[in-house]
Amino acid sequence: MGLESITFYIFSAILVGSAVLVVSLRNPVFCALALVLAFFTSAGLWILLEAEFLALTLILVYVGAVMVLFLFVVMMLDINLAVLREGFTRYLPFGLGVAIVLVAQLALIVGPENFGLEAMPKPEPHAADYSNTKEIGRVLYTVYLYPFELAAVILVVAIIAAISLTLRRRRKKQTMTPEDQVNVRSKDRVRLVKMASSNRSGSSASNKNE
Amino acid sequence: MIEAIESALDFLPAGLVTLIIIVGKILVLVLPLMGAVAYLTLAERKVIGYMQVRIGPNRVGPRGLLQPIADAVKLMFKETIFPAKANRFLFISGPILTLAPALAAWAVVPFDDGLVISNIDASLLYILAMTSLGVYGVIIAGWASNSKYAFLGALRSAAQIVSYEIAMGFALVGVLVAAGSLNLGEIVEAQRGSLGIINWYMIPLLPLFIVYFIAGVAETNRAPFDVAEGESEIVAGFHVEYSSMTFSIFFLAEYANMILIALLTALLFLGGWLSPLHGVLPASLLEGEGVLALLLGDGIHWLLAKTSFFLFLFLWFRATFPRYRYDQIMRLGWKIFIPITIVWLLVAAAMVVWKIGPWFN
């Protein structure tokens with residue numbers, strides 16, 4: 001067994017283990033952290049497949065941004081662990097049934113007749129100067145240009161929809177406008193008035209007492 | 001030199017030799033880095049001291065030069081305190097998860113032509129991925145501390161880093177549009193030209209350069225963007241419950257990240273190890289074997305000098321600017337930096353397409 005397969009099995013074991021933890025742990029914060037580990041190890045597996053661009057993008061987008069926001073939300077939840085524990089055994093048979101159906105469906109599609117070594121031979125390893133990034137870019141902007149642009153448009157629609165759904169216009173706006181703050185001059189706010197000094201009788205009396 | 005070590009270790013199995021060489025390279029990088037971190041803390045206290053018309057630390061050793069050593073010894077021998085009801089596993093993983101990505105990113109940083117631990121093709125992407133992981137340490141530390149102040153610091157930090165990462169990423173996209181490569185060494189070489197400083201990317205990509213550096217200051221949670229610590233509001237933010245070594249690891253990671261950002265800014269926008277004297281002095285003075293050519297020509301010393309300049313900027317910012325208010329940080333990141341980077345990305349792409357000189361012809 002070479003170094004490559006040892007690495008593969010270690011990473012796969014961690015990936016499967018962390019994926020199981022995502023659904024089995026009670027505390028949602030730990031679940032989210034297990035999901036982070038799952039993403040990270042699958043990125044490691046992708047690097048093993050010489051897909052370094054996809055692997056690094058997976059870390060950058062999912063681990064670096066999406067999961068941070070996930071954790072952000074999950075940490076602020078007020079969780080009652082007792083309530084979470086209640087239904088586990090009650091829903092276990094139903095959950096197992098769903099899981100079995102899912103595994104059966106996956107096995108039908110990803111089984112050896114479709115993805116076996118005959119159908120999909122092992123890819124040739126590339127030379128050291130092979131750039132995965134350049135290859136993806138070349139294909140993405142030539143052959144798959146329209147699907148790529150379509151995906152971009154769908155994402156923009158989703159962004160606009162999300163903003164318009166969550167945007168609440170408050171009637172009384174209490175935010176400040178930084179431009180106004182920056183442009184404030186002292187003479188707009190304070191007026192200094194020159195006055196002649198005068199001697200008060202009371203103050204001279206108190207001075208004598210000291 | 002590496003070949004000599006390889007031949008000297010002939011008697012060992014080949015895999016072991018490779019391992020020894022990799023570990024050796026890592027030590028050669030990490031030990032000076034830790035030294036630099038230690039003395040950066042001294043430099044910070046001295047520089048800020050002089051800016052505030054004080055002397056700064058001057059008691060330990062000549063002119064206070066042993067102060068970082070004394071600090072390190074003190075931190076190592078203090079007790080690590082675990083807050084009651086805190087999750088111990090996560091409490092310990094917080095600092096580890098902060099330091100590990102901060103050091104891992106250094107694996108692909110080149111210091112001179114070919115002087116790099118791992119010369120991978122997508123090194124810029126790798127650095128971006130690694131620096132984006134640093135936020136986990138902060139979030140986990142804040143949550144695991146079981147303290148309100150630490151938690152507030154973690155939430156602030158998470159929102160801030162996610163916002164500034166976008167601007168930072170876009171600024172980097174501008175650099176790779178200009179250089180046509182994700183490899184840091186090739187990006188530096190793409191800035192080589194007969195005009196010296198004019199050829200560096202800080203001229204054609206000036207807005208991206210400024211946005212990148214400011215976003216870098218925000219990413220490292222340094223003043224004026226240090227709301228995650230915010231002494232006046234939330235005591236010390238995410239690391240309020242940490243003591244001794246666990247605290248000093250946060251410290252190490254913060255300063256290692258500062259040096260990394262400064263070095264990357266020098267590599268990406270200031271021509272890295274390229275000499276600024278190209279085009280000023282005749283080429284015959286800059287090439288060759290003599291001491292003068294070594295000093296004036298390209299080399300690691302130029303990179304270190306540029307890095308030191310940016311590190312000085314970090315300290316200068318801290319001594320000069322008051323802390324940003326939280327809503328102002330968000331406004332700056334989302335409403336100013338991201339539009340600027342997107343517009344300048346288009347400008348950079350147009351300059352590359354129409355081969356506008358002296359940079360892209």
- Mind listing P(r) for the stretch B:91-214? All alpha-carbon pairs, 5 Å bins, whole percents. 2, 11, 16, 18, 17, 13, 9, 7, 4, 2, 1, 0
- The answer for B:ASP112, listing residues at least 5 apart or on another chain whose modeled amide H is closer than 5 Å to its amide H, is none
- In degrees rounded to 10, the 0-90 angle between helix A:28-48 Cα long axis and the longest Cα principal axis of chain A is 50 degrees
- Query: If we restrict to alpha carbons, what Rg and Dmax does the stretch B:129-288 come to, in Å?
  - Reply: 19.1, 64
- Each residue of the stretch A:178-186 in order: what ³J(HN,Hα) in whole Hz does its phi give by Karplus 6.51 cos²θ - 1.76 cosθ + 1.60, θ = phi - 60°, with x for Gly and Pro? x, 4, 5, 5, 5, 7, 5, 10, 5
- Grab the beta carbon distance between B:ARG192 and B:GLU3, set R0 = 25 Å, and tell me the FRET efficiency rounded to 0.05. 0.35
- Item | Number of partner chain Cβ atoms within 10 Å, mean per residue of B:115-125 | 3
- Query: Rounded if a/c is under 1.5, else prolate if a/b is larger than b/c, else oblate: which is the stretch B:8-154, with a ≥ b ≥ c the root eigenvalues of its Cα gyration tensor?
  - Reply: oblate
- Return one number: the angle in degrees, 0 to 90 and rounded to the nearest 10, between the long axis of the Cα atoms of helix A:145-166 and the longest principal axis of the Cα atoms of chain A. 40 degrees
- Which order do peptides A:37-50, B:345-358 fall in by mean Cβ count within 10 Å, highest first? A:37-50, B:345-358
- Message: For B:SER275, what residues show an amide H to amide H distance below 5 Å, using hydrogens built from the backbone and excluding near sequence neighbours?
- Response: B:ASP298, B:GLY299
- Note on the structure: Among the DSSP H helices of chain B, those whose Cα atoms extend at least 18 Å along the helix axis and whose mean Kyte-Doolittle hydropathy is 1.6 or higher are B:14-51, B:123-144, B:206-219, B:244-269, B:338-353
- Note on the structure: Whole-Hz Karplus couplings 3J(HN,Hα) for the stretch B:270-281, θ = phi - 60° and coefficients 6.51, -1.76, 1.60, Gly and Pro as x, run 10, x, x, 8, 6, 6, x, 8, 4, x, 8, 9
- Message: Per-residue Cβ counts within 10 Å, from other chains only, averaged over B:150-162: what number is that?
- Response: 2
- Message: Taking 45 Å as R0, compute the FRET efficiency from the Cβ-Cβ separation of A:ILE154 and A:ASN27 and round it to 0.05.
- Response: 0.85
- At 37 °C and 0.692 mPa s, the Stokes-Einstein diffusion coefficient in µm²/s for chain B, with hydrodynamic radius from the Kirkwood sum on alpha carbon pairs, is 149 µm²/s
- Note on the structure: Each label sits 7 Å from Cα toward the beta-carbon; between B:THR18 and A:MET176 the label points are separated, in nm, by 6.0 nm
- Message: For peptide A:58-65, what's the mean number of Cβ atoms from other chains within 10 Å of each residue's Cβ?
- Response: 6
- Query: Which pairs break 22 Å Cα to Cα here: B:LYS25/B:LYS74; B:LYS85/B:LYS148; B:LYS335/B:LYS355?
  - Reply: B:LYS25/B:LYS74; B:LYS335/B:LYS355
- Message: Rounded, prolate or oblate for the stretch B:279-361? Axes are the square roots of the Cα gyration tensor eigenvalues, ordered a ≥ b ≥ c, and the cut-off for rounded is a/c under 1.5.
- Response: oblate
- Task: Please pull out the direction-averaged projected area of chain A, using the convex hull of its alpha-carbon atoms, in nm² to one decimal place.
- Result: 30.5 nm²
- Query: Going highest first, how would you order A:100-106, B:236-242, B:61-67 by mean Cβ packing within 10 Å?
  - Reply: B:236-242, B:61-67, A:100-106
- Indicate the gyration tensor shape class of the stretch A:1-61 (rounded, prolate or oblate), computed on the Cα atoms with a ≥ b ≥ c the square roots of the eigenvalues: a/c under 1.5 is rounded; otherwise a/b larger than b/c is prolate and the rest oblate. oblate
- Query: How do B:39-47, B:264-272 rank on mean C-beta neighbours within 10 Å, highest first?
  - Reply: B:264-272, B:39-47
- Over what distance in Å are the Cα centres of the stretch B:93-117 and the stretch B:216-250 separated? 21 Å
- Note on the structure: Expressed to one decimal in nm², the mean projection of the alpha carbon convex hull of the protein assembly as shown is 43.4 nm²
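Read-outs: derived from the displayed coordinates by stated rules, not from any lab. In this text the structure is predicted, and so the values were computed from the model without any measurement. Reconstructed Cβ throughout: ideal geometry from the backbone, glycine too, with neighbour counts over all protein chains shown.
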